[in-house]
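Enquirer: Take a look at this one; I'll ask things after.
The values are calculated or read from the model by the stated rules, or taken from the named source; none is laboratory data. Bear in mind that the values here come from a model prediction, so they are computed numbers and not experimental data. With ideal geometry, Cβ positions are generated from the backbone for all residues, glycine too; neighbour counts draw on all protein chains shown. Just so you know, the surface numbers come from the protein's heavy atoms only, side chains and all, with ligands and any DNA or RNA stripped out. Shrake-Rupley method; radii C 1.70, N 1.55, O 1.52, S 1.80 Å.
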Amino acid sequence: SLGVFFLCAGGNVVNDIVDRHTDGISHPDRPLPAGDISHRAAVALAMVVHICAVIFILMSEKLVGIIGSGAVLV
């Protein structure tokens with residue numbers, strides 16, 4: 001469960017990074033467009049959260065670890 005939680009959290013951070021220019025127009029109050037969080041800090045957070053996801057996913061069964069780790073790479 002923790003692996004999935006961190007995987008989803010990392011995906012949300014990556015989505016915010018990718019959409020930061022669009023969000024600057026449609027949602028300027030979000031943290032990245034507003035400048036509350038730097039692009040570099042968001043990328044670092046995404047990396048840390050995805051590493052946590054891999055760690056927790058690899059603690060589960062072997063097949064789940066392989067599939068979950070593949071999902072992180074995608």
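Enquirer: For the stretch 13-27, just list the computed ³J(HN,Hα) in residue order, Karplus coefficients 6.51, -1.76 and 1.60, θ = phi - 60°, integers in Hz, with x standing in for Gly and Pro.
Expert: Going residue by residue, I get 5, 4, 4, 5, 5, 5, 8, 4, 6, 5, 5, x, 8, 8, 9 Hz, with x marking Gly and Pro.
Enquirer: Sorting check: for 39-52, 22-35, which peptide has the highest mean count of neighbouring beta carbons within 10 Å, and how do the rest follow?
Expert: 39-52, 22-35
Enquirer: Can you find, among Ala46, Ala9, Leu58, the residue sitting farthest towards the positive end of the charge dipole of the stretch 1-63, where Lys and Arg contribute +1 and Asp and Glu -1 at Cβ?
Expert: Selected residue: Leu58.
Enquirer: Now for a separate question. Share of the chain's accessible area from carbon and sulfur, percent, 1.4 Å?
Expert: Roughly 69 percent of what the probe reaches on the chain is carbon or sulfur.
Enquirer: A further question on this structure: Expressed as a rounded percentage, what relative contact order does the chain have, with Cα pairs under 8 Å and six or more residues apart?
Expert: 37 percent
Enquirer: With only Lys, Arg, Asp and Glu charged, each at its Cβ (+1 for the first two, -1 for the last two), find how big the charge dipole of the chain is about the Cα centre; round to the nearest 20 debye.
Expert: Rounded to the nearest 20 debye, it is 200 debye.
Enquirer: If all Cα-Cα distances of the chain are sorted into 10 Å bins from 0 onward, what percent lands in each bin, rounded to whole numbers?
Expert: In whole percents, the pair-distance histogram is 21, 42, 24, 11, 1.
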